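Scroll down for the structure; my scribbles are underneath it.
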């Protein structure tokens with residue numbers, strides 16, 4: 001894993017990523033109990049929630065958004081509904097090097 005410092009990231013991109021994350025959680029609000037934030041944004045929100053008020057540490061945030069879906073709590077129909085909601089808000093799938101979703 002590459003160590004990143006807050007000075008390594010363009011703060012405008014980090015803020016855009018955070019904004020999209022908040023929008024995504026609003027869009028998927030009905031499924032919130034089945035979703036888990038993972039990746040670089042998870043420690044950001046944990047730190048912000050639990051750090052002492054006099055602590056000046058600032059987590060760098062992240063550029064990408066990683067949300068895990070609990071397959072034991074989401075049916076296939078609900079999963080497809082989630083994807084449709086995301087697409088209806090203008091988001092699309094990223095493709096891997098082989099062109100797969």
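Some points to look at:
- Considered as a group, the residues in the stretch 74-91 that are assigned to a loop (DSSP other than H, G, I, E, B) and within 19 Å of the chain's Cα centre (by Cα) include one that is surrounded by the most Cβ atoms within 10 Å (Cβ to Cβ), and that residue is 74.
- With respect to (1) within 14 Å of the chain's Cα centre (by Cα); (2) modelled with pLDDT under 95, the lone exception for residue 53 is condition (1).
- Going through (1) out of contact with any helix residue (DSSP H, G or I) (no Cβ under 9 Å at 6 or more places or on another chain); (2) closer than 16 Å to residue 26 by Cα one by one, residue 56 falls short only on (2).
- Scanning the stretch 23-35 for residues that are surrounded by 12 or more Cβ atoms within 10 Å (Cβ to Cβ) and not in a loop (DSSP other than H, G, I, E, B) returns 23, 24, 25, 27, 31, 34, 35.
- You will find that of 94, 62, 53, the residue that is in contact (Cβ under 8 Å) with a residue 40 or more places away in the chain and not in a helix (DSSP H, G or I) is 62 and no other.
The values are calculated or read from the model by the stated rules, or taken from the named source; none is laboratory data. Everything numeric in this text was worked out from a predicted model, so none of it was measured. No Cβ is skipped: glycine too gets one built from the backbone with ideal geometry, and neighbour counts run over all protein chains shown.
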